[in-house]
Amino acid sequence: MQRESHLGDMMKSTIAIMVAGLMLASAPTAEARTFKDITEPYFAKYGDWKEVRKAMRQRQKGGEQFTADDWFVLAAMCAIEPPKGPSKIMNLAQRSPCKGQVIEYFEKAGDMGAPRGFNQASYYVRTRENDPVRAWYFAQLAYRMAGTDSDLAADALERLSEVRISAADEQRMQAQVDGAARRLAANGVYAATAARPAVASGPSLDWLGFLDPSKCYWSEDANLVFSMGHKFDSRGDRAIPATLQIPNSSRTVTSRVERRVRANPDMVDVEVDFHGRWNGLTLVGTTRRFIERSDAVNSLGLRFQESVDEVASRLRAAGLPVNADGSERVSTERRVERWAGPDGGGSETYIEQTRTSVFRRGNETVFYCNFSSDNP
C-alpha cells in the first residue's frame, strides 16, 4: 500500500479501495509490478498524493514527454477525491481538477506499454460512464496485451464478468480490439499477438468439477454455487437474485435471474457470472434452470464463450458423456439395492439417468450435465 507517511487519515480508506490488487507491467513479457512499485518513486520525489498530482500536471502542461508510468500515476492521482463532508465549500475545494481525464490518461498508459492502464480504463468507463460496450473493449484489450502477466489477465477476466453486451456489440468491439492490438504491435510497444486474445491464466477453478463425471455428480463446491445462486422473495415463491462468494476466492458476485420462456414464466435461469479457464475453454459462469414450486426441471450447467463444436470436443476429451455435435445424450441404468434382515431382507430398484447437452444460447454456449434417480 502507498507510503502511509504521505497520506492523511481521511484519505487512507479511499486510496486502499482504489488501489487494492492493482498491478502494472511495463511490457507484456515484463515481470508484474505492484502499485507501490510504480508510485513509490513519485511519492518519494514529490510528497503526498496531492503534491504528486500537482507536479505531474505541471510537467504535463510544460509539454514534457511522458512515459507509460507517468500517465498511469497521473491518472491514478486524478482519480482520487476525498470522501465528501458536511461543508460544500470544502467538498468543492477537494474536487479533482482532472477527474474528467482519468480514462483518457489510463488509456494513454496502456498505449505506451502499461496494459494495466487498459484494465483501469475499463473500471472507470463502467463505474463512471456506465458504458458496458466500451468497458468490455478496454477489458478485452487488457486481457489481450497481458502477455505473461497472469495476474493482469485474471483481473481483466473479472472486469469482463462485470459487463454484459450483445453478440453484435461483442463482434464489433472484438474487431476493434484486434485492430488496436495490431497497431500496438506494429508500433513496437508490445510483442506481436495473435488475431484472438491469447490464452492466459485466470482465477483458479480447481473447485469446479465432478466427483464422477460419467454420472454428472457435481463437486460439493459446484453444488454450493448452484444452490446459493438464488433466494426467494418474502412470499417464498418467486426466485430473485442472491449475492454469493465464489469458492477459493474473496470475490462475491450477484446472480442474475432470467425468465426466457414466455409460455412458462415460472421457469427461471439462474446465472452466476465469473470468468476463468476450464478444461481449455473460456468459462463465463454457471447456469441453473428450474421451475418454481416444482421438481419437474432442475438442470445444472456451465456457460462458455467458444462454439458448440469446440465445447463438445473439449468436454469429450475431459471424459464427460457428451455427443460430438452437442445434441442431447441420455444414458439409463437400472440399479438394484438389496439389504439383509431378520425377515429375509428385501430390495429396491432404481432407474438412474444421466442427461447432457451442449447448445448455443445468445452469445454463449451452454453445457448441461444432470443426474436423476427414480424408484418406480
(request) Quick one: which residue in Ile89, Ile38 is in contact with an Asp or Glu (Cβ under 6 Å, 6 or more places away or on another chain) and not polar (S, T, N, Q)? (result) Ile38
(request) Please verify whether the range 359-376 includes one or more residues that are free of Cβ contacts under 8 Å to residues at least 12 places away in the same chain, surrounded by 14 or more Cβ atoms within 10 Å (Cβ to Cβ) and of a type outside the set (Val, Ile, Thr). (result) no
(request) Test each condition in (1) part of a strand (DSSP E or B); (2) under 16 Å from Tyr217 (Cα atoms) for Pro321 and report the one that comes out false. (result) (1)
(message) Considering only residues that are of a type in the set (Lys, Arg), over 13 Å from Lys215 (Cβ atoms) and modelled with pLDDT of 90 or more, which ones fall in the range 312-349?
(response) Arg314, Arg316
(request) State the number of residues belonging to the range 226-249 that are in a helix (DSSP H, G or I) and touching a residue at least 40 places away in the same chain (Cβ under 8 Å). (result) 1
(request) Please report, ordered by residue number, the helices (runs of 4 or more DSSP H) entirely within the range 1-108 with at least 1 residues that are among the polar types (S, T, N, Q), modelled with pLDDT under 95 and open to solvent by less than 50 Å² (accessible area, probe 1.4 Å). (result) 9-19, 35-46, 88-94
(message) I need every pair where a residue in the range 55-68 that is in contact (Cβ under 8 Å) with a residue 40 or more places away in the chain and over 20 Å from Arg116 (Cα atoms) has its Cβ under 9 Å from the Cβ of a residue that is of a type outside the set (Lys, Arg) and open to solvent by 20 Å² or more (accessible area, probe 1.4 Å), sequence separation at least 6 or different chains.
(response) Arg57/Pro97
(request) Go through the range 215-225 and give me each residue that's touching a strand residue (DSSP E or B) at 6+ places or on another chain (Cβ under 7 Å) and either in contact (Cβ under 8 Å) with a residue 60 or more places away in the chain or open to solvent by 60 Å² or more (accessible area, probe 1.4 Å) (or both). (result) Lys215, Cys216, Tyr217, Trp218, Val225
(request) Only residues that are part of a loop (DSSP other than H, G, I, E, B) and either in contact with a helix residue (DSSP H, G or I) (Cβ under 6 Å, 6 or more places away or on another chain) or open to solvent by less than 50 Å² (accessible area, probe 1.4 Å) (or both): list them for the range 267-307, please. (result) Asn279, Gly280, Glu292, Ser294, Val297, Glu306
(message) If I filter the range 308-334 down to residues being among the aliphatic types (A, V, I, L, M) and in contact (Cβ under 8 Å) with a residue 60 or more places away in the chain, which single residue comes out as most open to solvent (accessible area, probe 1.4 Å)?
(response) Ala318
(message) Would you confirm whether or not the range 292-305 contains a residue that is among the aromatic types (Phe, Trp, Tyr) and modelled with pLDDT under 90?
(response) no
(request) Provide a single number: the residues in the range 133-189 that are crowded, with 24+ Cβ neighbours inside 10 Å and outside any helix (DSSP H, G or I). (result) 2
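The values are calculated or read from the model by the stated rules, or taken from the named source; none is laboratory data. Keep in mind the model is a prediction, meaning the values are calculated, not measured. Every residue, glycine as well, gets a Cβ built from its backbone with ideal geometry; the counts of neighbours run over all protein chains shown. When the accessible area is computed, the model is the full protein with side chains, heavy atoms only, and any ligands, DNA or RNA have been set aside. Shrake-Rupley method; radii C 1.70, N 1.55, O 1.52, S 1.80 Å.
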